[in-house]
Amino acid sequence: MPEPRNKSDLILRRKLRVAGVNKTPKEFLSQTLRSAIIVGSAMAVLAFLLVKKQNLPLIFIPVAGAVFFFLSYTTLLKTLDSKIHKKAKEIDKDVLFAGRFLLIKLNSGKPLINSLMEASQSYGVANIYFKQIIKNIELGTPLEKALDMASEECPSNKMKRVIFQISSALKIGIDVTQNLEAVLEEIAYEQLIEIQRYGKKLNSLTLFYMLMAVVAPSLGMTMFIVVASLVSLNLTSTTFFIFAFFLFIIELVFLSLFKSIRPNVNI
């Protein structure tokens, strides 16, 4: 008789399937725990060397080990959510292309299974889930159930909506192309709205970038040099290197911001 699974075990098992990690929850947690123990132990050893050299309190050693163990364990657990989020963004970028490809095949008069087979062989990350549907069908799974299984393991809400509309049309017994065309138009409209929002955010962020990364450093450096010359401060090349380093950090921050707000669309 199988052991009953708690809610957290079921959630973790689903996350592993969605992320494409071929491990059981027990195996994943064991590997994460081992990695966190290694990191915590390594930091405890470094803390011991620092305590010995600087004559610090011994309590610093277990505290450092426990803190880094907790941080590494939490971070490693979050990598699963990061993988799911990354896969969802990649699928969202190609979902419109994959859905339109499938719609064209259906409008040409081909059966749904044949259309899914051709869609699974086309280009794009989203077509991986069409391949999964075909694989489950070849293993004897009914088409409706294969669609439901693919929807459960898909991290993209947009792709889920496409598969759900196909599955709903099959269960009700209506034309699949009507539901599919409607949801694709809705997704295309949402992506256009995302592009418009990106344009508004980009204008504000660009203005902020010009002030913080161009105008402020230029005027600030000029005023600093003038004040330093008036009070006879000794300026060395190290001072300018420090200033350039902070300016480089600011540039990296803005580059990451520009990249983070960019929508993943492919209309």
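The values are calculated or read from the model by the stated rules, or taken from the named source; none is laboratory data. Please read these numbers as outputs of a predicted model, since none were measured by experiment. Glycine gets a Cβ as well: all are built from the backbone with ideal geometry, and neighbour counts include every protein chain shown.
Scanning segment 22-39 for residues that are loosely packed, with under 12 Cβ neighbours inside 10 Å and in a loop (DSSP other than H, G, I, E, B) yields a count of 1. Annotation note: of Ala66, Ala42, Ala47, the sole residue that is farther than 30 Å from Ala150 by Cβ, modelled with pLDDT of 85 or more, surrounded by 18 or more Cβ atoms within 10 Å (Cβ to Cβ) and among the aliphatic types (A, V, I, L, M) is Ala47. All of (1) under 30 Å from Tyr129 (Cβ atoms); (2) at pLDDT 90 or above hold for Lys15 with one exception: (2).
The sole residue among Phe224, Phe248, Phe240, Phe254 that is aromatic (Phe, Trp, Tyr), within 29 Å of the chain's Cα centre (by Cα) and surrounded by 11 or more Cβ atoms within 10 Å (Cβ to Cβ) is Phe254.
Contact annotation: residue pairs with Cβ atoms under 7 Å, 6 or more positions apart or on different chains, pairing a residue in segment 122-140 that is under 19 Å from Arg100 (Cα atoms) with a partner that is in a loop (DSSP other than H, G, I, E, B), are Tyr129/Cys154. Summed over segment 152-200, residues that are more than 25 Å from the chain's Cα centre (by Cα), of a type in the set (A, V, I, L, M) and part of a helix (DSSP H, G or I) total 7. The listed residues are Lys78, Lys83, Lys105, and the only one of them that is outside the structural domain of Met159 (by TED's automatic domain parsing), without any contact (Cβ under 8 Å) to a residue 24 or more places away in the chain, part of a helix (DSSP H, G or I) and not polar (S, T, N, Q) turns out to be Lys78.
When segment 135-160 is filtered for residues that are crowded, with 20+ Cβ neighbours inside 10 Å and either under 24 Å from Leu10 (Cβ atoms) or of a type in the set (A, V, I, L, M, F, W, C) (or both), the ones remaining, listed by number, are Ala146, Leu147, Ala150, Cys154, Pro155, Ser156, Met159.
Cβ-Cβ contacts under 8 Å between residues 6 or more apart (or on different chains), taken from a first residue in segment 205-227 that is within 20 Å of Phe258 (Cα to Cα) to a second residue that is modelled with pLDDT of 80 or more and of a type in the set (Asp, Glu), are listed as Ala213/Glu251.
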